[in-house]
Amino acid sequence: MTTNCIKFTSTDFETAKGVGSISTLTFDLDITVEPVASSNPMAPTHRVLGRSPRGKLVECGGIWKKQNKETGADYYTLTIRDHGFNANLGKAANQDDLSLQAVIPWGPKDAA
């Protein structure tokens, strides 16, 4: 599988499971994502699970559904806690398969 992508089991992301990988210069994780059932609108839509150095599956982040304030369009963000990693999910380049989502990193905005 290509790195920095998540392959979901369907295009209905809120109920789909997924597998993928995230690689940067400081870490390289194979991840599994599992949907979260919650009535709390602030809760993540998915738990992100990775492997510990001893091979145990541990929760390491989440995926949240957000809404663009200008257009009202829905989008998803991903966070990996221990690495301070944040990203948006979006259609993978040169792909027609909408269940394959690219992990598009973004950094915190500089405080001015």
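The values are calculated or read from the model by the stated rules, or taken from the named source; none is laboratory data. The structure displayed is predicted, hence computed values, not measured ones. Quick reminder, even Gly has a Cβ in these numbers, built from the backbone with ideal geometry, and neighbours come from all protein chains shown. Accessible surface is based on the protein model in full, side chains and every heavy atom, while ligands, DNA and RNA are left aside. Shrake-Rupley method; radii C 1.70, N 1.55, O 1.52, S 1.80 Å.
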What spacing in nm lies between the two simple spin-label points modelled at Phe27 and Asn4, each 7 Å away from Cα in the Cβ direction? 1.6 nm
How big is the gap, in Å, between the Cα center of the stretch 8-31 and the Cα center of the stretch 40-66? 10 Å
Among Leu25, Cys60, Ala87, whose Cα projects farthest towards the positive end of the dipole of the chain, with charges put on the beta-carbon of Lys, Arg (+1) and Asp, Glu (-1)? Cys60
For the chain, report the accessible area per residue in Å² (1.4 Å probe, heavy atoms, rounded to an integer). 66 Å²
With label points set 7 Å from each Cα along the Cα-to-Cβ direction at Lys56 and Gln95, the distance between them in nm comes to 3.1 nm
Choice from Ala73, Ala93, Ala37 with maximal GNM fluctuation in the chain (Cα, 10 Å cutoff): Ala73
Quick one: dipole size for the chain, taken about the Cα centre, charges +1 on Lys/Arg Cβ and -1 on Asp/Glu Cβ, in debye to the nearest 20. 280 debye
Amide hydrogen neighbours beyond the local backbone of Thr45, cut-off 5 Å, H modeled: Ile63, Trp64, Lys65
Would you calculate the convex hull of the Cα atoms in the stretch 1-47 and tell me its volume per residue in Å³? 80 Å³
Got a number for carbon plus sulfur as a percent of the chain's accessible area, 1.4 Å probe? 51 percent
